[in-house]
Amino acid sequence: MLQVMKRWLALGLVLGLLLTALPGAAWAADEAAETIDLVTREQSVAPTDLDTGDSETLFSGYVEKQLYPGGASGGRRMAARSAGSRLSGLDAALYARLSECIAQVAAGTRASTVFEFPVEELGLEQTSWNAEELGVDAIVVDGQFTESALAAATEKAAFDLHLILQTLLADNPYALYWYDKTVSTRASGVSISSSYDRQRAEYRIGLVGSITFYFPVAQEYSAGSYTVDTGLGQSVQTAVARAQRIVAQYAAASDYEKLVGYRREICDLVAYNHAAANGSQDYGNPWQLIWVFDGDASTSVVCEGYAKAFQYLCDLTRFDGGISCCTVTGTMNAGTGAGNHMWNIVTMEDGQNYLVDVTNCDAGTIGADDQLFLAGYAAGDVNSGYRF
């Protein structure tokens, strides 16, 4: 289907230029020849041509990459570079510019997903050619374009929208969390211009104008068909920056003071999300860590958010002693019935493991404010459970 579309595009371009170049057209094959422009046909890729993916999962991956830029995602970025390197010519130039714009949209620094690229800003090595450079005998013969010149110029102006999209999805899946792949993606082509170069006494064909892409936005991230709600992307960047500031604030403190400070900061920043815990509010796992540090008083988290926030601060910290933190899930019975829960286990310098339940260190909880913080168990084992 794609090859048929490309052949139709090239044929339409050739016929259009031939009709424009007929003797009856407003054009003369002499030194005063006018420039002739023809806009190439619009391309589109149907949603069934692309891997749909899951927006929430992709956003989760995007958040992870922002939080841990040197972590597990780094290997994927290295592999992603090789995918883009397979492209060449106009496809490669458009891929590079689109990658920049996609990153800006994901980060909330750009709202529009209509991307327009003037030819002169694509960084192409060459945008106009004479007959020799095109590999043809002549561009114009007896006042008309030669078919060989038209075919060569059409090839220079052609780009493969489907291939570009597939490469972007392979290389930047998480940054495209906002992209609605269930709706057709469109792109309008560049113009082809031919004129006579008096100084060189030769005809030249070149690319002029702009290439424009229209990326539809998924409803949950949308402020319009081709406009993203920038608040979400900005909240990710805000959260990363605030977490880094907290770690820097306690950099000179002892290891124990760092951990105590992290507990206090988290409890001061966020409150427990009872609606989400009761199942009456939709929420996604990746949001919980962001909602702790986003500075928005209207966002709150369940135990997962508290535990992941504490884990993240520890991950950013260079401890003096052999301190490590891990996040675990299980069942907790606090007297109101057993239920699923998430908390942390911290291994201190003495080599012993201690419970850190930041959720139940917050105001109004059963362990406030430090009864379940760095707590040693009173009894139990890994098989029967622990009592604190």
Which order do H274, H341 take by accessible area at a 1.4 Å probe, largest first? H274, H341
Whole percent per 10 Å bin, from 0 to the bin with the longest distance: what is P(r) over all C-alpha pairs of the range 117-246? 10, 28, 24, 17, 13, 6, 2, 0
Once you put a point 7 Å from the Cα of S148 and another 7 Å from the Cα of A241, both along the Cβ direction, what distance in nm separates them? 5.9 nm
By what distance, in whole Å, do the Cα atoms of the range 229-311 stretch along each of the three principal axes, largest value first? 42, 29, 18
Where in the range 166-186 does the amide nitrogen come within less than 16 Å of the point 7 Å from the Cα of D229, taken along Cα to Cβ? 177-180
So what does log10 I(q)/I(0) come out to for the range 288-363 at q = 0.13, 0.26 Å⁻¹, using the Debye formula with one equal point on every Cα and no solvent? -0.44, -1.23
Over the range 163-280, what is the mean sequence separation of C-alpha contacts under 8 Å (at least six apart), divided by residue count, expressed as relative contact order in percent? 17 percent
Placing each pseudo-label 7 Å from Cα in the direction of the beta carbon, A96 and Y256 end up separated by a distance in nanometres of 5.6 nm
Just the accessible area for I323, please: 1.4 Å probe, Å², rounded to the nearest 10? 20 Å²
For V190, what residues show an amide H to amide H distance below 5 Å, using hydrogens built from the backbone and excluding near sequence neighbours? T40
Env charge @ F59, Cβ radius under 12 Å, K,R +1 / D,E -1, value -3
Just to verify a number: FRET efficiency for S298 and S195, C-beta to C-beta distance, R0 = 56 Å, to 0.05? 0.40
Projected-area average for the range 249-388 over all orientations - Cα convex hull basis, square nanometres: 8.8 nm²
From Cα pairs below 8 angstrom and at least 6 apart in sequence, can you work out the relative contact order of the range 252-357, rounded to a whole percent? 21 percent
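The values are calculated or read from the model by the stated rules, or taken from the named source; none is laboratory data. In this text, all values refer to a predicted model and were calculated from it rather than measured experimentally. With ideal geometry, Cβ positions are generated from the backbone for all residues, glycine too; neighbour counts draw on all protein chains shown. We work out accessible area using only protein heavy atoms, side chains counted, and drop any ligands, DNA or RNA first. Shrake-Rupley method; radii C 1.70, N 1.55, O 1.52, S 1.80 Å.
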